[in-house]
Structures are given as C-alpha cells and as structure tokens.
Amino acid sequence: MIKYSYIIAFLPLLSYVLIVFFFSKREKTASGIAITAVVSSFVLSLIALFETLADHGPHIFEYEWIVIPGLKLPLSIFFDPLTAVMLMVVTIVSSCVHIYSLGYMHGDPRFSRFYAYLSLFTFSMLGLVLSGSFFVTFIFWELVGLTSYLLIGFWFEKKVASDAGKKAFITTKIGDLGFLAGLLVLYWAAGTLNYSEVYHQIEENQIPAIILTAAGILIFCGAIGKSAQFPLHVWLPDAMEGPTPVSALIHAATMVAAGVYLTARIMSIIVVSHTAAMTIAYIGAITAFMAASIGLVQNDIKRVLAYSTVSQLGYMIMALGVSGYTAGTFHLMTHAFFKALLFLGAGSVIHAAHTNDIQQMGGLAKKMPITSKTFFIASLSIAGIFPLSGFWSKDEIFASIYHEGHYFLLALAVLVAGMTAFYMFRLCFLTFTGEARDYHVYEHAHESPKTMTYPLIFLAFLSIFAGWVGMPWLEHGYSSFVYFEHPHHAAANYVLMIVGTIAALSGIFLAYQMYYKRAIDPVKMGARFKPVYTFIYNKWYFDELYMGTVIKFAYWFMEVLYRFDQGVIDWFVNFVGRFGMFNSRVWQTFDVYVVDGAVNGAGFMTRWFAGGLRKIQTGAVQNYAFVIFLGVVLLMLFKMI
Amino acid sequence: MFSSDFPILSVITYLPLIGVLLILMIDKEKVGAIRIVALLTAAINFLFSLPLFFACDPSTAAFQFTEHVPWIPELGISYFFGIDGISMLMVILTTFLTPLAIWASFGSITEKVKGYMISFLILETGMLGVFVSLDLILFFVFWEAMLFPMYFIIGIWGGPRRIYATVKFVLFTMIGSALMLIAIIYLYYLNYQNTNIPTFNLELLQSSQFPIPINIQMWLFAAFALAFAIKVPMFPFHTWLPDAHVEAPTAGSVILAAVLLKMGAYGFLRFCLPLFPQAASEFTPLISILAIVGIIYGAMMAFVQKDVKSLVAYSSVSHLGFVMLGIFTFNIQGLQGGILQMINHGISTGGLFLIVGMLYERRHTRMIGDFGGLAKVVPVFSVMFMIITLSSIGLPGTNGFVGEFLILLGAFKSNMVYAVLAATGVVLAAVYMLWMFQRVIFGQVDKKENETLLDLNLREKLILIPLIALIFFIGIYPKPILSRMETSVKNLTAIVQQKFRVEEDNHKIRIISGTPMDKISLNEVGEQKNE
C-alpha cells in the first residue's frame, strides 16, 4: 500500500470533483460519496500503517514535476512511521467529522458544498502528510489554508464569519512568508528540498550551522502561523465562527497540528542548532502558558476549547523544541482524538442549546447523557488523568523536558497542566452540572441524533485507549515506532507521573470547589484579582495591540502613499502635460504675433505697396505719355551729365 | 507541421486585417454580422497560431519560421519575422485572449460597433507584429502602429474621463518610443561606422563584430529601457496605467493588461539584454530596486482603492514588478519565472478585468462599497471570481504560484534581500485581494439593486472557462510551457554571461563578443547553473 499511498490522498480529491461537478444538487449522494472516500482512505492508511510497522522505512517515491536547468522540484512522497501515524489521525478524525456532520449540518442550504469542502480539506491534509519535500509540503500547506478559509467563512452571510476567515488566511500567510523564505534559504544552501536529501546533507555536515539556524527558524515561522503560536495565535479563536465540525477537524485535530508536524520534520535542524531549538521551545512554552491563562476565564464554549488547543499545541511545540520528537508527535496524536471529541461534544451542546455561552447552560447532563459522558472522558484525558490517553502523552512530554534538563520549562509545563485541568472542568461543571441557569435553553435541549453521538462514542474510546500504545513499560510501544534517529526508550519516571497527576487533580479540585460546590465564589475571585482578571479576560489585549498599531499604521501609511501617488507622481505627470500646454500657448502667442505677424505683415506690405502702385495705373493714355516723356527727358539729362 | 517556406507568421499577423476588410464591407447597422465576423477572424487566427506551440522546436534557441525579405536594402531595413520559445508564447497569449476580449465586448459595446471591431482587429495585427519582428525598424513600426487602435478604443468607447486617459497613455508611450527611435538609429549608425554593414537586423546586430563601448551602451540601454519601463509600467512611470485601465472598455483593459504591458517586459528580453548586456548588468540594481518598489508600492496602492478596476490596475503594477525582478536576476529560474509570470498575469489579470466588466454591465458601478453578499445572488459568478482571485494571489495549484516561486528562487540566488522584500508582496497581494473579495462577495445582500442580479449567461461562462482551465493547467502541470521557453532562456543567459566574460578578458584575448548563439554549448551553461 505504501507504494501507492498517493491513492489515500486522491480518494477525497476524487470525491470533491464528483460532488462539485455532478452531485451538487443531490445532498444524500454527495455526503455518501464523501464519507465513502474518507473511510476508504482510512482503511488504506490502516494497511499502510501495518506495512510500516513491519518496515519503518523511510520509503521514498518521486514523480517528476518541475525540471528546469538548475532546479528540480519533484512531487515526492516520504513515508515513515510519523507519516503513518499522521495518516491515521487525519483519516480517523476526518471520518468521524464526516459522519457527525450528517446530523449537524442537516438542513443547511449548502450541505453538498460543505461535504465538497471537507473532501478538499482531507485531500490537502493527506497530501501535506504524505509529501516528501518541503516544497510539496508548502503547496499543500497553502491548500489547507485555503480550505480553512473557505470553511471558516462557510456561513459567509455573517460578517464575523467572513472576517474571521480572512483574518485566518492573512495571519497564517504572514507565517508562510517566513516558511517561504526558509525554503529559499534551504534550497540555496542544499540545492534540494527533498526531506531525505536535506536530512542526509545535514547529517554529513554539509550545511553551515548558521544557515541551518536561519532556515530552521524561518520554516518554523510557518508553524507559528498555522499552529497558532504566539504571536500569531490571534486567528484561531476567531476561526470558531466556522461550523463546529470544521473546528473539530481543522482547528483542533489536524490542520493546526500541521505546524507541529512540520516542526517534527525539521528535527534534524533542531538537534544541531541550539538557537533554533530554544526559540522553538520558548515560543511553545509562552504560547502554552498564555493561551491556558486566557482559557481560564472565557465564557464561549468553543473559545475555551480554542484557547485550549492553542495551549496544547504550544505544549507539543515545546516538546519538539527540547528534541522530544516522540513526545511531541505522541501528544499530537492523543490530542487530536480528545480535542476532536471535545469540539464535537461542544457542537452537540450548541446544536441542542442554540447558544455558545456556558453561563446560560447548566444541568445539561440530564438531557444529554451521551454527550456529557463523552465530554467528561475527553476532559479527564486532556487533564492528564491516569490511565487515559492524555496522561501518557503528557507524561512523555514531562519526561523529555526533564531528560534535557530544562527545569524552568518543566515547571511551566506542570503549571499549565494544572491550569488545563481547571479550565476544562470549569467548562464541564458549568455546562453539564448544577442548576439550569437559562430555563429556556434547558427546556429545548435534547440529545443529538445517532449520527452525531456514535462518532462521540468512538472518539471517547480512542481518548481512553489510544495513548496506551505509549505506556513506558511497553517493549514495542510508540517510542520504538516513531522516533528520531534512535529509539529512545526512557524508563518510567514515577515522580513525574505523580507530579503531573497532582497538578491535574488540584486543577480539577479547584474547579469543583468553584463551579460545582460553589464553595468559592468565582465572581468574588474575579473581583479580587481584578487587574489580572481583566487582562486575561481581554486575551492579553493582543487584538487591540495589533489593531491599534500594526494594522492602523499600515492603513494610514497606505492612504498617505496613495496621496503621494496622486499628489506627487501623478501631479508631476500632469504638470509636465500642463507645462507642455502652457509652452504651446506661449509659442502660439509667438506664432500669432511674430510668425503669423511676419507672414501677415508681408501680405499687408504687398497690399500696401500694391495699393500705392495702383494709383499710378490710371488707364489714361495722356498720363502714360507724360510719364514716358518725363523718363525720356531724365534719361537724356543723365546721358548728358 | 508547416512547410518551411510557408509564411505562417505573416499569415497570423495579417489575418485580422482580412477581417477588417470584411467588416468594412458590412453595413454598419448590421451589428450582429460585424460582431460575428470579428470574433470568427480572431478565433480562426488563434487556431492558426496554436500549432506553433507544438511546431516550435524547443531544442534550439535560433529564430524559427523566419521570413526575411529586404525592404529598403539601401538602409539595411528588412522585413524580418521570426519567433523563438519566448515570443511564440507571447504570440499565442495574444491570439488566445483577443477572441475572448472581442466576445466579451458583445454585451458592453453597443455604439459604433463597426469602428470598434475594426480597431480591435488592427490592434491584434499591431501586437502580433511587435512580437514577431526581428528588424528594429519593423519592430518600431508595429510598436507605434498598435498604439493608435488603443488610442481610439479608450478615447471613443471609454468612460467619462476617457480623453484625459487616452492622451496620457499615448503621450507617455510616445515619449519613450521617441527616445527609443533615436537609440535605434544611433545603434545602426554606430554599427555601420565600425563594420560597414548597414543593418537593422536584430540577429546581425547581436552578433556584430563591433563591441559597443560600455559608456555608449549605457545611454542606448537607458533609452530603450525608458520606453519599455513606461510600457511595463515600472514605478515611477506607472500613473498612466490606472487611468487608462479605469477608463478603457472591458476588452480594452483586458488586452492592455494581458498583452500591451507584456511588450515592455518583452522588449527588455528581446532587445535590451542581448544588445547591451554589460549595461544591463550595470543597471540591474536600479531596475531590481524599482521592481521591488513597484511590487510593494503597487500592492499598497491597490489596498486603498475603492474602485475594483483601479484595484486590479494597481495590482498589475505589483505583478509586473515580479516579472521585472525575475528577468533581471539573469539566471534561468528567475527568467523562466518572469516569462511564465508574464503569461500568468495575462490570464489572471485579464480574467479579473473580464469579471469586473461583467459586474459593471450588471450594476453600472465598480465601487466596492456598492456590492456585498453576491455569493448568494450570483453563485457561479462568485466561484469563478474566487478562482481567478486565488490565481492572482498565487495560491499553489494555480498558475501564479509557479511563476512567483521561480522568480523568488531566482532572485534569492542573485540577492537575498531582494527576494525577501519581494516575498512580502505575496502577503500583501493576499490582503488586498481577499479584502476586496470579501466586501464584494461575502456578507449580507444589503443593497436592493443587488438582489436581482442575474448570474453569468452562457457566453460569459464560455469566456471565463478557458481562462480557469489554463489557471489550473499551468498551476498543476507547468512543464510544457517551461520546456518550450527553456532553450531560449538558456541562450539569453548565455549571451549575457558570455559578454560579461569577454569584457573581463577583453584586453588579454582578442575574442569578439557575442559568439553566434549556436556555438555556445548549452549543456555547459546548464551545468554551470546547477552548481
């Protein structure tokens, strides 16, 4: 299967084409085709996974594409265990979202188009994962950005939605600028963009360290944009305006994880460049902490989850920055499952309650048993409670940070783990337990249809068990499958496990006291730490900062420049024109009075002379005779003298 | 495909004039017949020119399908036509877009149709003549000849400020071409004096035994470059462009953007670089910086426009900056990217002007603020608009990406800072295009007039579909086009570099510069680039 792995990506593309050209009017067929395609891709990926388990590879395939003198850019596939894992993540979550959307998008006027976009996204994402060179990755990277843009703004009638789509596209594009520059640097230094060849050259020390550092950081800029890392994280919370299944698929599980995936792909740069590694680790750490702090106080169910995603992505990036290849990618996988579950659960809640505001919810557990149970499972998993998936991957991250000796980062990671547990359970308690705060909402709430709950149950299963593949006691677990250079098999560190569990439990306990028992009044807490509360409630004022400085300045500058264009450059052009006209008028005057004057003068003189001469032409013979006589006399006189 | 003495280039160039003759015979009231004849003429011409794409031998850089007849032998002026991989693409771009532009005029031009169609066909002859002429005087004749139909198209069928716009356009171009004419004559004279061969033949001048001294090269290059830079247009000679575009009728804008602007860049490729390679290298920093200023400046100007058409016009300034940057890298990637981007810009910007024209025909306004929510009212239009917009942004999978990437790669090789600055233009393009697109297409339909807009009719769809097909074709499989121009581009870089080398060794070895192109080992150059 690995040999034909492009089929995995092309099935959803085929589905997209079929839906757009033939079935845009037939909703049932359209969704059927899309689901068939993605499930088939899943099955093929599963086969490929088993093949990879037997032979880790990497398997490399190249198909000629652009070849011009001095430049070879093939379409290549690089298939290694990480590829196989990513394929599983993408196809599983995508399949769940496809099925879930049957219920969630039911009755939407653009139902078929939604499935077409989902297929297009799945194709692009699978292409990104399969690609064997930075160049091809970049192409699919942009394509997933496009589908994200289309899907965030899917309900384009809402201005906030189309604004959010545009913001996402442009913000990530800024990161992509760095990515592109990184590609140029790398190509210039290595003469190739194929993963295998680049890795080989780095291993052989053919590329100077300084260039690797530059290339690494520039390429990582792409990840900053796409994975919503500080300081380009501002687009992801806004992207929640898209339909919730989209948030689950694109903005939680897969596309935003592409940045993490890309960072994993430059691991060979990270291990040789300390500067690049530390940049990456600290950007991740800052993001993890900042987003978690914002998540503590948000009231929109999807935005809490969005900040949670940003924070968890920061976690993975931090892990990769400290060379935790296995840890970062492992958390990517477990996170994809429980975060997709959380989003789909949130979608189920929104579907029932018709509001995003958790302050208006409460007590929904009674109405929505499946949703609430699966949501709790996912929350326990993300909080890192033994023995759910999240526990193992989080522990792996702690272990790799500890192993590299970054104790500050370790402390921060533990703190963030506590915060994560707190905001997740705040969300759970406010949504599902206690009194119904809005009677109207509560009354109308109902459990979602089976198309929506089955994917929830399936993902809940994965949220519990998927992480078991990474138990430290396993001989042939995750760490001996997805690894960088050598399998790194650390012994179980019980101290870290206990520390992590304590952090998680204290977070949950605090949330329990505040939002379940109401032993501590959250409002009073907010009032007590008012400056901090206001600061994090307003998301650290990033949007205001960008609006007030960069964007405002840019707009002002462009206006000024336009005035310059019209007032100076074009003015000069018009001035030359006017000067030419003026000049012509001056010459016209000269022409009229001098040249024409001379011409007319000549004519006038002729007439004047002629008029004078005319007077002597009287026609009277005696006058002529007299003149002749006079002439003769004069001549004779002349002769005599 | 053609027998070697069949004058295919002349046929393609003058075929539109036969259409003109036919139209002259039709009564001016019979608008339908006039339109059909014009469209058919242009379409047949396209079919005639299409085989060139396959017949043009990509393995040689020599001019092909040449027709060489002495015209005024005493002065060395000849009727000399020929194409290589670069001009062949330009010819096909022209013949491809002309019928589409004419077809697009069916709806918008209802007054004085006869004169309009005649002007358009004469324009096509002029444009094709520019791309196939290899004699400087002949080139100049076509260069000037093409100006006047355009002058009428803008001046008669244009918008309210058409007279101002058209005079500005013509005067700007004329100033440049006057200097170019002087330079052509001086070049001729210089060559004649030193070699005793009177000739305006480009091939002969290029391989002339007389190396032009660098100080004179500088002046000649400057004169040619000014004419071409105005046409491109490069900053700061760009202000005629928005006016001309805004006032021109849709088809005029399409041809103006897609073909006429390319003549500037083409002029650099065909004349400036091979004739004055050392001067070109001396001027490279200046031209590259102006190109980058153009990229960023044009994008920023586009950002603040309130009229869709002037936004697209300013975006042209930005895109053509990319083309110039690519050409002046003097390496194969940059040059190929630049030439590909010339074609891409023709397709995407041509498409955008068509789209804007269709919008204008429906609403009689082009102000961004007058629209909103069109996706709901005119879905097919919106989808096509989006594809063309994305192509203009240079999204991977569309034609724009390949061109921009090659240009950036080439620019990075020659100067990193240039490449990084130019790359910001890619982001800016996304910003202004998407913002415009959002305001026009997304949101609620809040204007009553927009509620009843009609979606594209069959004619309009058929006009846009070929463009969209090409957008994807070039984006996904650019190889046929890149391989067609490859040898010519290699040859161009070889000439430029050969002359550099010769100039360096000038005092030691008495090699005469500009060895005839066939003698240069192309592989050698290719390998050199690979290092």
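The values are calculated or read from the model by the stated rules, or taken from the named source; none is laboratory data. All figures in this text were calculated on a predicted structure; none of them were measured in a lab. Every residue, glycine among them, receives a Cβ derived from its backbone with ideal geometry; neighbour counts consider all protein chains shown.
Observations, loosely collected:
- Filtering the stretch B:350-379 to residues that are β-branched (Val, Ile, Thr), in contact with a helix residue (DSSP H, G or I) (Cβ under 7 Å, 6 or more places away or on another chain) and over 19 Å from residue B:306 (Cβ atoms) leaves only B:377.
- Residue check for residue B:241: out of contact with any Pro (no Cβ under 6 Å at 6 or more places or on another chain), buried (at least 17 other Cβ atoms within 10 Å of the Cβ) and in contact (Cβ under 8 Å) with a residue 12 or more places away in the chain: no
- Subset of the stretch A:128-138 (residues that are under 26 Å from residue A:46 (Cβ atoms) and at the interface with chain B (Cβ under 10 Å from one of its Cβ atoms)): A:136
- Qualifying residue in the stretch A:121-133 (condition: surrounded by 24 or more Cβ atoms within 10 Å (Cβ to Cβ), in contact with a His (Cβ under 9 Å, 6 or more places away or on another chain) and polar (S, T, N, Q)): yes
- Qualifying residues in the stretch A:141-169 (those that are more than 14 Å from residue A:250 (Cα to Cα) and free of Cβ contacts under 8 Å to residues at least 40 places away in the same chain) - the one nearest to the chain's Cα centre (by Cα): A:166
- Residue in the stretch B:118-126 that is at pLDDT 90 or above, in contact with a helix residue (DSSP H, G or I) (Cβ under 6 Å, 6 or more places away or on another chain) and under 20 Å from residue B:71 (Cα atoms) present: yes
- Set A:189, A:164: member being within 22 Å of residue A:62 (Cα to Cα), of a type in the set (A, V, I, L, M) and surrounded by fewer than 24 Cβ atoms within 10 Å (Cβ to Cβ): A:189
- Unmet criterion (only one of (1) under 30 Å from residue A:225 (Cα atoms); (2) assigned to a helix (DSSP H, G or I)) for residue B:498: (1)
- Residues that are closer than 12 Å to residue B:230 by Cα, surrounded by fewer than 19 Cβ atoms within 10 Å (Cβ to Cβ) and among the β-branched types (Val, Ile, Thr) within the stretch B:155-180 comprise B:170, B:175, listed in sequence order.
- Members of the stretch A:169-191 that are aromatic (Phe, Trp, Tyr) and in contact with a Cys (Cβ under 7 Å, 6 or more places away or on another chain): A:179
- The residues on offer are B:294, B:264, and the sole one that is in a helix (DSSP H, G or I), at pLDDT 90 or above and within 14 Å of chain A (Cβ to nearest Cβ) is B:294.
- Residue ranges of helices (runs of 4 or more DSSP H) in the stretch B:302-396 with at least 2 members touching a Gly at 6+ places or on another chain (Cβ under 7 Å): B:308-327, B:332-363, B:379-393
- Scanning the stretch B:409-443 for residues that are facing chain A (nearest Cβ under 9 Å), hydrophobic (A, V, I, L, M, F, W, C) and in contact (Cβ under 8 Å) with a residue 60 or more places away in the chain yields B:409, B:411, B:431, B:435, B:441, B:442.
Matching residues to (1) touching a helix residue (DSSP H, G or I) at 6+ places or on another chain (Cβ under 7 Å); (2) crowded, with 21+ Cβ neighbours inside 10 Å:
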| position | (1), (2) |
| --- | --- |
| A:9 | yes, yes |
| A:24 | yes, no |
| A:50 | no, no |
| A:59 | yes, no |
| A:77 | yes, yes |
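- Residues satisfying the stated conditions in the stretch B:266-303, i.e. closer than 14 Å to residue A:565 by Cα, under 21 Å from the mean Cα position of the chain (by Cα) and not aromatic (Phe, Trp, Tyr): B:293, B:294, B:296, B:298, B:299, B:302
- Sole residue being away from every other protein chain (no Cβ under 14 Å), surrounded by 11 or more Cβ atoms within 10 Å (Cβ to Cβ), touching a residue at least 40 places away in the same chain (Cβ under 8 Å) and assigned to a helix (DSSP H, G or I), chosen from A:535, A:542, A:484, A:509: A:542
- Scanning the stretch B:219-233 for residues that are modelled with pLDDT of 90 or more and either among the aliphatic types (A, V, I, L, M) or assigned by TED's automatic domain parsing to the domain that holds residue B:328 (or both) returns B:220, B:222, B:223, B:225, B:226, B:227, B:229, B:230.
Residue-by-condition table, conditions (1) acidic (Asp, Glu); (2) away from every other protein chain (no Cβ under 14 Å); (3) surrounded by fewer than 24 Cβ atoms within 10 Å (Cβ to Cβ):
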residue	(1), (2), (3)
B:298	no, no, no
B:301	no, no, no
B:326	no, no, no
B:349	no, yes, no
B:353	no, yes, no
B:360	no, yes, yes
B:371	no, no, no
B:392	no, no, no
B:398	no, no, no
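- Looking across the stretch B:471-483 at every residue that is surrounded by fewer than 21 Cβ atoms within 10 Å (Cβ to Cβ) and either within 10 Å of chain A (Cβ to nearest Cβ) or among the hydrophobic types (A, V, I, L, M, F, W, C) (or both), the one that is nearest to residue B:85 (Cα to Cα) is identified as B:483.
- Within the stretch A:144-178, being under 15 Å from residue B:372 (Cβ atoms) and of a type in the set (A, V, I, L, M) holds for A:160, A:161.
- All conditions but one from (1) within 15 Å of residue A:122 (Cα to Cα); (2) under 26 Å from the mean Cα position of the chain (by Cα) apply to residue A:44; the one that does not is (2).
- Reported count of residues in the stretch B:152-177, each being free of Cβ contacts under 8 Å to residues at least 60 places away in the same chain, within 19 Å of residue B:122 (Cα to Cα) and more than 14 Å from chain A (Cβ to nearest Cβ), is 3.
- Elements of type helices (runs of 4 or more DSSP H) in the stretch A:270-383, at least 1 residues being in contact with a Gly (Cβ under 7 Å, 6 or more places away or on another chain) and of a type in the set (S, T, N, Q): A:274-295, A:301-321, A:325-353, A:369-383
- Residue A:35 being away from chain B (no Cβ under 14 Å) and closer than 27 Å to residue A:456 by Cβ: yes
- Residue pairs whose Cβ atoms lie under 6 Å apart, separated by 6 or more positions or on different chains, with the first residue in the stretch B:269-296 and touching a residue at least 40 places away in the same chain (Cβ under 8 Å) and the second not in a helix (DSSP H, G or I), are B:284/B:328; B:287/B:328; B:288/B:328; B:290/B:234; B:290/B:235; B:293/B:235; B:294/B:234; B:294/B:235.
- Reported count of residues in the stretch A:150-175, each being under 28 Å from residue A:215 (Cα atoms) and facing another protein chain (nearest Cβ under 8 Å), is 5.
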